[in-house]
Amino acid sequence: MRPIDQKPAIAGGKPVRPPERYLVFGAPAIGEAEIAEVVDTLRSGWLGTGPKVARFEEAFARYSGAAHAVAVSSCTAALHLAMLASGVGPGDEVITTPLTFCATVNAILHAGATPVLVDCDPRTLDLDPARVAERITPRTRALLPVHLAGLPCEMQALREIAGAHGLRLIEDCAHAIETRDAAGRPAGTLGDLGAFSFYVTKNVVTAEGGMLTTSDAGLADRIKVLALHGMSRDAWRRFSDDGFKHYEVTEAGFKYNMTDLQAALGIHQLARVEANLARREAIWRRYDAAFAELPVELPPGPPPGARHARHLYTLRLETGRLLLSRDRFVAALHAEGIGAGVHYRALTEYAFYRERLGVSLGSCPHAEDAGRRILSLPLSAGLCDEDVEDVITAVRRIALAHAAW
Ligand SMILES: Cc1ncc(COP(=O)(O)O)c(C=O)c1O
């Protein structure tokens, strides 16, 4: 058997897609309605936070079944505010997963608290409640699960742990706009607070943007104050044409508000969220069928009755049966004209987090193993059938050229 990576990464011949037709990973599906709404916003002269943000918040609260939805500038901002509004601060610990985007853990650090990385479940790659229970200390203040790729976490078990120890339960819903638990309840309503992302690659896109959901009116009010300089709640009225009013500043807040330009995109993206999900589900089924016999692990499906948001289609390479590392596989896809992503390398792979959190490589073996073998394929609702077939041709060509059977 050849050692890994000895064979060339490119299977040879013409690339599946020439450079001028390169398939970008995570390209958004923007429609004419969004374009018209942005133009309308520009013409209205009201570019900042205003009526369209209010419309988007109402529509999002309706869609997600949350009593309150507060639009902000990013999911990172939403997570930071969720920490602060939950009273998380210096001396506190927040338990989260190592297999996530750095923003999840950075938000805990920004609040002055200590992230505690607990290894994920090796099948689902979501936070493992049994391991979480073992890591509770008197300093634990909150749990921060991430519905990775859109697959719902075991929220019932996490709720029980949070309830037993008086902890806040904050959901990182960056991938989970359409996620539902087995009882049909939406992500973002399964804990105390839900933080969503509308970054360019996400299922609903506002270029940059985020949303916080909660059933607690007090939390929602506090988040609004923190998101806008710490100005008293009435300050939001300055975004109306009621005329000038003085406001109070009650604390040193942040500049985390969303603009009407962003909300103009979000309103129409959200209107198509279910149709886009149906398209991604169809692509997902096509990928599953096409890759079933390759030396790769297919992405885990949701438990019975639950709904996966189909945000990321991930393959885990079976490195024992494939003579190619993940990085070389991604490079080979690139050479074939197909963009791919890595979601994610475990945070214990980063020297910064090892030093800052005092953790070592090897402390989260499941997340580290997955993070070395995982890659994400294009899954945008904007892909046409030919794009999907090109992805399949490229993946099969590379995998079959390097299979060790
Ligand atoms: C799991 C997760 N959490 C948080 C974020 C941060 O989102 P944003 O870019 O909107 O700040 C992302 C963004 O990619 C993410 O994937």
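The values are calculated or read from the model by the stated rules, or taken from the named source; none is laboratory data. Owing to the predicted nature of the structure, the values given are computational and were not obtained by experimental measurement. In this analysis, Cβ positions are derived from the backbone assuming ideal geometry, glycine residues included, and neighbour counts consider all displayed protein chains. Heads up: the accessible areas ignore ligands, DNA and RNA and are worked out on the full protein's heavy atoms, side chains in. Shrake-Rupley method; radii C 1.70, N 1.55, O 1.52, S 1.80 Å.
A few remarks follow.
- Residue under evaluation ALA113, criteria (1) in contact with a strand residue (DSSP E or B) (Cβ under 7 Å, 6 or more places away or on another chain); (2) open to solvent by 10 Å² or more (accessible area, probe 1.4 Å); (3) more than 15 Å from the ligand (Cβ to nearest atom), criterion not met: (2)
- Counting the residues of the range 369-383 that are part of a strand (DSSP E or B) and either surrounded by 23 or more Cβ atoms within 10 Å (Cβ to Cβ) or charged (D, E, K, R) (or both) gives 2.
- All conditions in (1) within 13 Å of the ligand (Cβ to nearest atom); (2) over 14 Å from the mean Cα position of the chain (by Cα) hold for ARG180, with the sole exception of (1).
- Selection count, the range 8-30, where residues are over 22 Å from the mean Cα position of the chain (by Cα) and either modelled with pLDDT of 90 or more or hydrophobic (A, V, I, L, M, F, W, C) (or both): 12
- Filtering the range 188-197 for residues that are open to solvent by less than 10 Å² (accessible area, probe 1.4 Å), on the phi > 0 side of the Ramachandran plot and in contact (Cβ under 8 Å) with a residue 12 or more places away in the chain leaves a non-empty set.
- A Cβ distance below 8 Å, combined with a sequence gap of six or more or placement on separate chains, defines the contacts here; from the range 30-48, residues that are touching a residue at least 24 places away in the same chain (Cβ under 8 Å) reach residues that are open to solvent by 80 Å² or more (accessible area, probe 1.4 Å) and part of a helix (DSSP H, G or I) in the pairs ALA33/ALA271.
- Any hit, the range 185-208, residues being within 12 Å of the chain's Cα centre (by Cα), in a helix (DSSP H, G or I), within 16 Å of the ligand (Cβ to nearest atom) and within 23 Å of GLY305 (Cβ to Cβ): no
- Counting residues in the range 211-220 that are among the acidic types (Asp, Glu), open to solvent by 10 Å² or more (accessible area, probe 1.4 Å) and at pLDDT 95 or above gives one or more.
- Of the helices (runs of 4 or more DSSP H) contained entirely in the range 272-365, those carrying at least 1 residues that are of a type in the set (Ser, Thr, Tyr) fall at 273-291, 351-357.
- Near pairs, Cβ below 6 angstrom, 6+ apart or cross-chain, from the range 52-76 (among the charged types (D, E, K, R)) to any residue that is within 14 Å of the ligand (Cβ to nearest atom): GLU57/ALA71
- Some residue of the range 88-104 being assigned to a loop (DSSP other than H, G, I, E, B), within 13 Å of the ligand (Cβ to nearest atom) and open to solvent by 40 Å² or more (accessible area, probe 1.4 Å): yes
- Taking the criterion of being among the charged types (D, E, K, R) and in a loop (DSSP other than H, G, I, E, B), the only residue of the range 209-225 that qualifies is ASP216.
- For the range 201-229, a tally of residues being polar (S, T, N, Q) and over 19 Å from ALA381 (Cα atoms) returns 3.
- Any hit, the range 337-346, residues being over 23 Å from THR97 (Cβ atoms), among the aliphatic types (A, V, I, L, M) and in contact with a Leu (Cβ under 7 Å, 6 or more places away or on another chain): yes
- Residue in the range 52-70 that is open to solvent by less than 30 Å² (accessible area, probe 1.4 Å), near the ligand (Cβ under 10 Å from one of its atoms), at pLDDT 95 or above and among the polar types (S, T, N, Q) present: no
- Unmet criterion (only one of (1) crowded, with 22+ Cβ neighbours inside 10 Å; (2) not in a loop (DSSP other than H, G, I, E, B)) for ALA164: (1)
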